[in-house]
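The values are calculated or read from the model by the stated rules, or taken from the named source; none is laboratory data. These figures come from a predicted structure and were not determined experimentally. Cβ atoms come from the backbone with ideal geometry, glycine included; neighbour counts cover every protein chain shown.
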């Protein structure tokens, strides 16, 4: 049954002006040169954009949804246009290549960089205040802001494959991002202050990315990587009675064990073994709660030869013993 409470908005990825037009068409509100303002209906938003030396567009956004809103963004068909989002406050979920990820301030998913060549579905929950800063740039046009910026972007996106990167938001950028939201309230000198701080943030970000590249600790995920990882995840949730090894999974999916471990951790924020163990406990809880299975049946079905170890792991993960779950099921 469709969720009639959720609002769906379709738009093509692109510049801030494109966002302004779609938002106004969908919700009303007011636009004027470099900003969009809406303070009524199911969505409150204050979004503004700034042109930085003709090479970089910076977007400042503060919003709150009073109903869940899903933005379905289609590709922009411009491989040179790169999108960078830094989440300062709040959270939302984002799905691309069939994988749903939580984007959250202060997490390993605080910064998202992508080339806009694949569809993205962003789901914003109700009553969550969200603040983010975005940069949009075209690689060939990066010439004056930072000499190394163009090299960094070419290193990350200089090919024809769809690719995305997740990076943790460094603490040193928090103060600079906070300044942007304070400066936007200035009645005098706002624009130069915003642009100056935007250049500083972008410069710091490029330096951070350059260091990550040099240390080989920044790895993008291509479309084929996403498909492979989703297939691995699906397999893990369908073979609870089996003993899994990284090597066997790597051989089955045609990738090296080291790449599989690295990519899985990057996308899902957990190791393969941790995910498998937690998924088992989720399945165990579901079966026990149904009241149709005994602790012995569930433990053995999920591959445990030692029921004491099964009960110990279940209690550690769920905070309740398997027998207690069955008792609760009987009460219900």
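Listed values, structure above:
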{"read-out": "Some residue of segment 136-149 being farther than 30 Å from residue 225 by Cα, in contact with a helix residue (DSSP H, G or I) (Cβ under 9 Å, 6 or more places away or on another chain) and surrounded by 13 or more Cβ atoms within 10 Å (Cβ to Cβ)", "value": "yes"}
{"read-out": "Residue match in segment 279-290 (condition: over 30 Å from residue 155 (Cα atoms), outside any strand (DSSP E or B) and modelled with pLDDT under 85)", "value": "no"}
{"read-out": "Residue in segment 100-112 that is under 22 Å from residue 8 (Cα atoms), at pLDDT below 90, under 18 Å from the mean Cα position of the chain (by Cα) and not in a strand (DSSP E or B) present", "value": "no"}
{"read-out": "Test: residue in segment 56-68 that is over 28 Å from residue 200 (Cα atoms), at pLDDT 90 or above, over 22 Å from the mean Cα position of the chain (by Cα) and surrounded by 15 or more Cβ atoms within 10 Å (Cβ to Cβ)", "value": "no"}
{"read-out": "Residue check, residue 241 free of Cβ contacts under 8 Å to residues at least 60 places away in the same chain, surrounded by fewer than 15 Cβ atoms within 10 Å (Cβ to Cβ) and more than 23 Å from residue 216 (Cβ to Cβ)", "value": "no"}
{"read-out": "Flag if residue 229 is surrounded by 16 or more Cβ atoms within 10 Å (Cβ to Cβ) and either touching a strand residue (DSSP E or B) at 6+ places or on another chain (Cβ under 7 Å) or not assigned by TED's automatic domain parsing to the domain that holds residue 313 (or both)", "value": "no"}
{"read-out": "Qualifying residue in segment 270-278 (condition: more than 30 Å from residue 322 (Cα to Cα), under 20 Å from the mean Cα position of the chain (by Cα) and buried (at least 18 other Cβ atoms within 10 Å of the Cβ))", "value": "no"}
{"read-out": "Any hit, segment 135-153, residues being under 18 Å from residue 85 (Cβ atoms), modelled with pLDDT under 90, assigned to a helix (DSSP H, G or I) and within 20 Å of the chain's Cα centre (by Cα)", "value": "no"}
{"read-out": "Among (1) over 18 Å from the mean Cα position of the chain (by Cα); (2) surrounded by 14 or more Cβ atoms within 10 Å (Cβ to Cβ); (3) outside any helix (DSSP H, G or I) - the single one residue 218 does not satisfy", "value": "(1)"}
{"read-out": "Residues of segment 83-92 satisfying the condition of being modelled with pLDDT of 80 or more and surrounded by fewer than 20 Cβ atoms within 10 Å (Cβ to Cβ)", "value": "85, 89, 90"}
{"read-out": "Number of positions in segment 242-258 that are outside any helix (DSSP H, G or I) and either within 21 Å of residue 301 (Cβ to Cβ) or in contact with a helix residue (DSSP H, G or I) (Cβ under 7 Å, 6 or more places away or on another chain) (or both)", "value": "7"}
{"read-out": "Qualifying residue in segment 18-30 (condition: assigned by TED's automatic domain parsing to the domain that holds residue 125, within 23 Å of the chain's Cα centre (by Cα) and surrounded by fewer than 16 Cβ atoms within 10 Å (Cβ to Cβ))", "value": "yes"}
{"read-out": "Scope segment 168-203; condition out of contact with any strand residue (DSSP E or B) (no Cβ under 9 Å at 6 or more places or on another chain), touching a residue at least 24 places away in the same chain (Cβ under 8 Å) and within 17 Å of residue 53 (Cα to Cα); matching residues", "value": "200, 203"}
{"read-out": "Where residue 270 falls short, out of the listed (1) without any contact (Cβ under 8 Å) to a residue 40 or more places away in the chain; (2) part of a helix (DSSP H, G or I); (3) under 21 Å from residue 228 (Cβ atoms)", "value": "(2)"}
{"read-out": "Any hit, segment 37-47, residues being within 21 Å of residue 197 (Cα to Cα), surrounded by 16 or more Cβ atoms within 10 Å (Cβ to Cβ) and either touching a strand residue (DSSP E or B) at 6+ places or on another chain (Cβ under 8 Å) or touching a residue at least 40 places away in the same chain (Cβ under 8 Å) (or both)", "value": "yes"}
